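We did not get these values from a lab; they are worked out from the coordinates using the rules stated. The structure displayed is predicted, hence computed values, not measured ones. Every residue, glycine among them, receives a Cβ derived from its backbone with ideal geometry; neighbour counts consider all protein chains shown.
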Amino acid sequence: MDIERLKPALTWWPSPAKLNLFLHIVGRYANGYHQLQSLFQLLDYGDELAFDCNQTGKIRLLTPMANVKHDDNLIVRAAHLLQTQWGLKHSDKNILLPGCDIYIKKCLPMGGGIGGGSSNAATTLVVLNHLWQTGFTTAELAGFALSLGADVPIFVEGNTAFAEGIGEQLQALPQPEAAYLVVFPQCHVATQAIFNHPDLPRNSEKIVAKDYQFSQTRNDCQQLVCELFPNVAKSLQWLLEYAPSRMTGTGSCVFAQFSDLANARQTQALLPKGTISFTANGVNRSPLHQIMMCRSE
């Protein structure tokens, strides 16, 4: 579908990727969820979404994704969630629920640990809150977002941040300028399978946000994922020859950190033929929120 030819007036909104610069598992709650510490680094690279609002009350994602049912897609679920909350907010009035046709330009791999689906859901919440004029605060949207996934609030709030709890307790923690080379090893890692694995370490010592240093941290999921997925181990070993490198989230993407984009691209050019990768700058404020701020001025 040539969306831009069919709908040339659509505005495209960023849905940025993230990296977990580190991921420590410091315990487990009684309900089985893991107690985490991490640093979410936002990037200036990601998917793009467009929203064609209407008054039908229907939510339609018109660029479906392979192997994901329409109603199960986080984009659709996020739109329905905002629609429901809007209806509850005005339950004493006979209002017509807004609708929307949604389009996506997808470039972030699924199952890569870089937040593609979570970011898509957050962009949907933030942009439709603006377009539908539902008037929810960022804090309210972040609260709604948690029901969609632990990684969604970071994209709703839009700051590179130190995270605790299950990932929802966020403290903005700006990072020095850096660029990243991100490699997708062409395998999909199921987060639930990794978190339920008996060999996953769950006893890391807690750190204080201000004491964070990349060299003094790690990803507690990395060794297990590398053992289970040789492609991840191979990609990580390759990157480590060139720069400090690590797996993000529960994988499968791995990344290398550079001082600037030129160095990242120079290393990218050396990757084995057929490798799926991208380069990006780390940003302390989400590209989506930067645009939203400009439009509100």
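With a Förster radius of 30 Å applied to the C-beta separation of Asn31 and Gln216, the computed FRET efficiency comes to 0.50.
A protection proxy built from the mean count of other Cβ atoms within 10 Å ranks the segments 277-287, 204-214, most packed first, as 277-287, 204-214.
Between Gln169 and Gln133, the simple spin-label model (points 7 angstrom out along Cα→Cβ) gives 4.0 nm.
Rounded to the nearest whole Hz, the Karplus-based 3J(HN,Hα) values (6.51 cos²θ - 1.76 cosθ + 1.60, θ = phi - 60°) of the stretch 12-23 follow the sequence 9, 10, x, 9, x, 7, 9, 10, 8, 5, 8, 8, with x at glycine and proline. Inter-label distance, Thr56 to Lys206: 5.0 nm, where each label sits 7 Å from its Cα along the C-beta direction. The Leu228 and Asn67 beta-carbon pair, evaluated with R₀ = 25 Å, returns a calculated FRET efficiency of approximately 0.75.
With the helix formula -39500 (n - 2.57) applied to DSSP H stretches of n ≥ 4, the chain reaches a computed 222 nm mean residue ellipticity of -8500 deg cm²/dmol. Applying 1/(1 + (r/R0)^6) with R0 = 22 Å to the Cβ-Cβ distance of Ile291 and Ile3, what FRET efficiency is obtained, to the nearest 0.05? Efficiency, rounded to the nearest 0.05: 0.70. Residue pairs exceeding 19 angstrom between C-alpha atoms, taken from Lys18/Lys106; Lys58/Lys106; Lys69/Lys105; Lys234/Lys273: Lys58/Lys106. With the cut-off at 1.5 for a/c, could you classify the stretch 43-162 from its C-alpha gyration tensor as rounded, prolate or oblate? Oblate shape, in that a/c is at least 1.5 and b/c is the bigger or equal ratio. Once Rh for the stretch 7-296 is found with the Kirkwood sum over Cα pairs, what is the Stokes-Einstein diffusion coefficient at 37 °C and 0.692 mPa s, in µm²/s? Estimated diffusion coefficient is 167 µm²/s.
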